[in-house]
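The values are calculated or read from the model by the stated rules, or taken from the named source; none is laboratory data. Just so it is clear, the structure is predicted and the values come from calculations on it, not from any experiment. So basically every Cβ, Gly included, is an ideal-geometry build from the backbone, and we count neighbours across all protein chains shown.
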Amino acid sequence: MSTSLVLAAAVLAALSGLPSLARRPRPAGPSPESWLMAAAALVGLTGAALAFLPGQRGAVEVPWGIAGGPFLASVDPLSALFLGPLFVVSAAGAFFGDVYWAESLHPSWRRLRVFYGILTASLVLVFAARNLLLFLGAWEVMALAAFFLISTEWNDGKARRAGLLYLVTTHVGTLCLFGLLALIYGATGSFVLGPLPAGLAASGTGKAIFWLAVAAFGLKAGLMPLHFWLPGAHAAAPSHVSALMSGVLIKTGIYGLVRIQSLFPDPPVAWGEGILVLGVVSGVLGVAFALGQHDLKRLLAYHSVENIGIIAIGLGLGLVGRSTGNPAWMVLGFGGGLLHVVNHGLFKSLLFLGSGAVVRASGTREMDRMGGLLRVLPVSGACFAVGAVAISGLPPLNGFVSEWFLYLGLLDGVGKRAASAWPWGALAVPALALIGSLALACFVKAFGIVFLGEPRGAGPRVTDEPAWMWAPMAALAALCFAIGLAPMLVTPFLDPAIAVAAAAPAARPALPRLAAVASLRPLSIFLVGLAVVLASSLLAVRRLARGAKRDGTWSCGYAAPGPTMQYTSSSFADWTVGLFRWALLPVTPANRLERPFAKPFRFASHVDDAVLHRLLIPVFRAGAELAALGRRVQHGQIQLYLFYVALTIVVLLFQV
Amino acid sequence: MLETVLHLVVVLTVPPLLLGVIGRTKAAFAGRTGAPVLQPWYDLLRLFRKEMVLSTTTTWVFLVGPVLAVVAPLAASLLVPFGGSRAPVSFSGDLVLFAYLFALSRFFTAAAALDTGSAFEGMGAAREVSFACLAEPALFFGLLVLGRISGTLSLSSMLSAPWTTGWITAGASLVLVVAGWFVVLLAENSRIPFDDPNTHLELTMIHEVMVLDHSGPALGLILYGSSLKLFVLGTLLIRTVVPCGASSPLVNWVAFLSGMFLLAVVVGVVESVIARLRMIRIPQLLVTACLLSAFGMILLIR
């Protein structure tokens, strides 16, 4: 029942773009396509919820003409956990897009609607497929649909380059997947997803399967250093598409990793520790790169790299727990990681929708030209603030809960083992603290520079805030509050998903429930109390301030302060970018204000992506130059080509 | 129950007195009599009676900063034990909540500074959040050490552990942690050598420059909040250094409170004998604090 409902939702979503092909542009407001997406989400959420009832988990199996097994789809709790955010975010994004991508202004609206539906449907199929060939097919449709969405603004050179880079990168990942499939087929003789034989993990094939999976799925998830395609692609796509991509699409990589590792009955410790270290690198450098950005959407995209890193820390901990047979680490590691998947899906898509509202109002993505938007976008701004607090992992919102699980697991590794502390935990705990405080710095910057203060540039271009634009954001923000204040609402859904991820064999004792390992009740009571006290004292202070005198900002006695004197996003991040100079390699032209009476000059500094601009582009450029040597024999003159043919034949004659 | 009431009374009334003690210490070093120890309370009461002036640029965010400056340290104070053996609220993993409550307050203090649109306050906000990035790992390394010594993850048991077994089995680590935490305490509370709480109008300021536009009750809340923060973060240090495990609660509370006032004297002495560091040296000192605590952890990994 569950699987059939989810597949029906996929069909609905895939067809949702069709009405747009037969109708004229409408004024902003909910469109028939969005209602279809909402219906798909409703059906799909029902199906995903049913997957948590044991009796409803039947697979859908249809024989088909393709070699390698039947069409096999099934929704287990792990799939359902990834499907939940997908349906919520895709429906929220569709309604947001009705306002954001106004049909009368953007000729590409039909293409956007069609591929948005197809992308959602293919994502559903990726999470539900149980036949690896079906998985690969869905994966490819997802990659191509995303390409068409990223390159919606094909006439913009930057968007085009980002789209092409994405297309190449995703196919490198697909190539790794081909290898992965071949190896799994070689080991099991079947394309149907099932447990791999014991002892395989120690062999070369097993290692190749795992690390190929890390490469293929790491590329999709944006695990540093495989993240280089991500900032450009997320920045170029329309904002509600970025929300779906960052909130859900890159999680397919995490899903793949979790699924593949769960097939191994006996993963070695080195795998978990490898993932953990990758996660720490990804987390710290992802947020450091985010701090260096002044394009709001690139900043958010780098935060996806950071959050994937946090999720990977959880997966690594869970994997080490599996290798060492430590149930608490399995539960807290997988539980924290999977909850962060859900949480990141909610608050990151909220933030991307917020960035869409900002771009719509200000007409630019450059943060240094924004400011004071909270007065134009009061509700969107407040929702963005909620998202910013949540993504910084601060209480009482949902980001805190998932990071708290990870802290508990890692601290447990350091503290409670009597004989020797687990040194990776001692590395990861301060790293997580560093990631948290850097993310805080970055989101104070993003929220403060964009929404607070005075406009730095020309000021807002559009000043209305339609309800259909902020309502999806408000819904996502409410979900962030709900998970943050009452985490016990989601842990019953996490427990069965953890059991799938940990592939707990029947021989071992059953895993403890998440609520039994972490003291959720006191935490929840404390956080609800905090929220109540905070809200009431804020109301009291606002009442106190109601009659307050108003005057201009006091600028330490300076007579003529202006909006251009405000701190900008670049100046705000200057200290932290300086701390990470060794990794970020910021491009700052030499200061030419050396002599008195200097001539006016322009100064611009920016942080390029180190992997893309310092490594990949130079290497490929050198390769292209080498290849150019061989092009000398190709000049388009047909006589010479005939001469080559004759020469070859003569050589062959003498040889044979 | 009685202990909880005492806990609340102490956390609500004593913190501003620490500032008074610091002031008296500095006055003694300068050869002056100094203001009475209760002076910070008089200042606060005066501020709460004054009217508020708001900048025309500001929004609701501007008021969240002062509210959280008080609410967050107050909430955090419920998680640490003072003189008693247990904190009013205690559960496994509360140390993370403790640290993140201060981060929540930092988020909105910095956002409130940016809300004014003033270049000075933007500068202060940028510095505050940047330096915190280095202080936070130092705090967590220390908490790791205490967690490792006590084998638990709740602050109440962690802070009782040093004087039951810790100083005997892991004395060297604890010395390093205490040194690291003292630096963090000075940095987080914007004391010399990081910041000078007495001068608002210098370009080298961090915390003080963020609150230039707050006035009246809002400024009072911020000043009260910063004294709370000094008190609550100081509790970590004092509970590690001063034994509070005697059987008589009275002795424990006296030991704890005299420890806190001693800490205020030490801070006052530091402020009197050290000059403020140049801004570019601050990250170096914070990294040192971080490494000190990290070495404390490394000693325990075997």
**Prompt:** Do we have any residue at all in the range A:573-595 that's under 30 Å from B:T56 (Cβ atoms), in contact (Cβ under 8 Å) with a residue 12 or more places away in the chain and outside any loop (DSSP other than H, G, I, E, B)?
**Reply:** no
**Prompt:** Which number in (1) more than 14 Å from chain B (Cβ to nearest Cβ); (2) touching an Asp or Glu at 6+ places or on another chain (Cβ under 9 Å); (3) surrounded by fewer than 10 Cβ atoms within 10 Å (Cβ to Cβ) marks the one condition that A:H635 misses?
**Reply:** (2)
**Fill in**
Scanning the range B:140-153 residue by residue, the ones that are within 16 Å of the chain's Cα centre (by Cα) and either more than 7 Å from chain A (Cβ to nearest Cβ) or modelled with pLDDT under 90 (or both) total 2
**Prompt:** A:I275 passes all but one of (1) buried (at least 24 other Cβ atoms within 10 Å of the Cβ); (2) touching a Gly at 6+ places or on another chain (Cβ under 7 Å); (3) more than 15 Å from A:A501 (Cβ to Cβ); (4) in the same structural domain as A:S323 (by TED's automatic domain parsing); which number fails?
**Reply:** (3)
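Being within 14 Å of chain B (Cβ to nearest Cβ) and not aromatic (F, W, Y) narrows it down to one of A:S349, A:S380, A:S355, A:S362, so name that one.
Sole residue among the options that is within 14 Å of chain B (Cβ to nearest Cβ) and not aromatic (F, W, Y): A:S380.
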**Request:** Could you tell me whether the range A:607-619 includes any residue that is touching a residue at least 40 places away in the same chain (Cβ under 8 Å) and of a type in the set (D, E, K, R)?
**Result:** yes
**Request:** Among the numbered conditions (1) among the hydroxyl-bearing types (S, T, Y); (2) in contact with a Leu (Cβ under 9 Å, 6 or more places away or on another chain); (3) crowded, with 24+ Cβ neighbours inside 10 Å, tell me where A:T46 comes up short.
**Result:** (3)
**Request:** Give the range A:256-288 a look and list any residue that's closer than 16 Å to A:L180 by Cβ and charged (D, E, K, R), or say none.
**Result:** A:R259
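Let's see how each residue does on (1) part of a helix (DSSP H, G or I); (2) in the same structural domain as A:L338 (by TED's automatic domain parsing); (3) crowded, with 24+ Cβ neighbours inside 10 Å; (4) charged (D, E, K, R):
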residue	(1), (2), (3), (4)
A:L167	yes, no, no, no
A:A187	yes, no, no, no
A:L196	no, no, no, no
A:P225	no, no, no, no
A:F228	no, no, no, no
A:A243	yes, no, yes, no
A:S246	yes, no, yes, no
**Request:** Kindly establish whether A:S555 is at the interface with another protein chain (Cβ under 7 Å from one of its Cβ atoms) and crowded, with 16+ Cβ neighbours inside 10 Å.
**Result:** yes
**Item:** Tally of residues being hydrophobic (A, V, I, L, M, F, W, C), at pLDDT 90 or above and surrounded by 16 or more Cβ atoms within 10 Å (Cβ to Cβ) across the range B:267-286
**Value:** 4
**Message:** Going by what's in this entry, would A:A583 be described as among the aliphatic types (A, V, I, L, M), touching a Lys or Arg at 6+ places or on another chain (Cβ under 9 Å) and more than 8 Å from every other protein chain (Cβ to nearest Cβ)?
**Reply:** no
**Subset of the range A:53-98 (residues that are over 30 Å from A:Y185 (Cα atoms), aliphatic (A, V, I, L, M) and surrounded by fewer than 24 Cβ atoms within 10 Å (Cβ to Cβ))** = A:L53, A:V88
**Request:** Search the range A:505-527 for residues being more than 12 Å from chain B (Cβ to nearest Cβ) and more than 28 Å from the chain's Cα centre (by Cα), and hand back the single one that is modelled with the lowest pLDDT.
**Result:** A:A507
**Selection within the range B:41-84 - more than 7 Å from every other protein chain (Cβ to nearest Cβ), more than 20 Å from B:V209 (Cα to Cα), in a helix (DSSP H, G or I) and of a type in the set (G, A, S)** = B:A72, B:A76, B:S77
**Asked** Is it the case that A:A146 is closer than 26 Å to A:L338 by Cβ and in a loop (DSSP other than H, G, I, E, B)?
**Response** no
**Prompt:** Which numbered condition trips up A:G204, out of (1) among the small types (G, A, S); (2) under 19 Å from the mean Cα position of the chain (by Cα); (3) surrounded by fewer than 19 Cβ atoms within 10 Å (Cβ to Cβ)?
**Reply:** (2)
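Can you say whether A:T174 is modelled with pLDDT of 90 or more, part of a helix (DSSP H, G or I) and touching an Asp or Glu at 6+ places or on another chain (Cβ under 8 Å), as far as the supplied structure shows?
Values: modelled with pLDDT of 90 or more: yes; part of a helix (DSSP H, G or I): yes; touching an Asp or Glu at 6+ places or on another chain (Cβ under 8 Å): yes.
Yes.
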**Sole residue being more than 7 Å from chain B (Cβ to nearest Cβ) and modelled with pLDDT of 85 or more, chosen from A:S605, A:S536** = A:S536
**Request:** Look through the range A:525-562, keep the residues that are in the same structural domain as A:P327 (by TED's automatic domain parsing) and touching a Pro at 6+ places or on another chain (Cβ under 6 Å), and return whichever of them is nearest to B:L95 (Cα to Cα).
**Result:** A:L527
**Fill in**
Quick count over the range B:96-119, residues being at the interface with another protein chain (Cβ under 8 Å from one of its Cβ atoms) and over 17 Å from B:V61 (Cα atoms), is 6
**Prompt:** over 15 Å from B:F82 (Cβ atoms) and surrounded by fewer than 15 Cβ atoms within 10 Å (Cβ to Cβ), is that true of B:A294?
**Reply:** no
**Prompt:** Is it true that some residue in the range B:169-181 is within 11 Å of another protein chain (Cβ to nearest Cβ), modelled with pLDDT of 85 or more, surrounded by 24 or more Cβ atoms within 10 Å (Cβ to Cβ) and in a helix (DSSP H, G or I)?
**Reply:** no
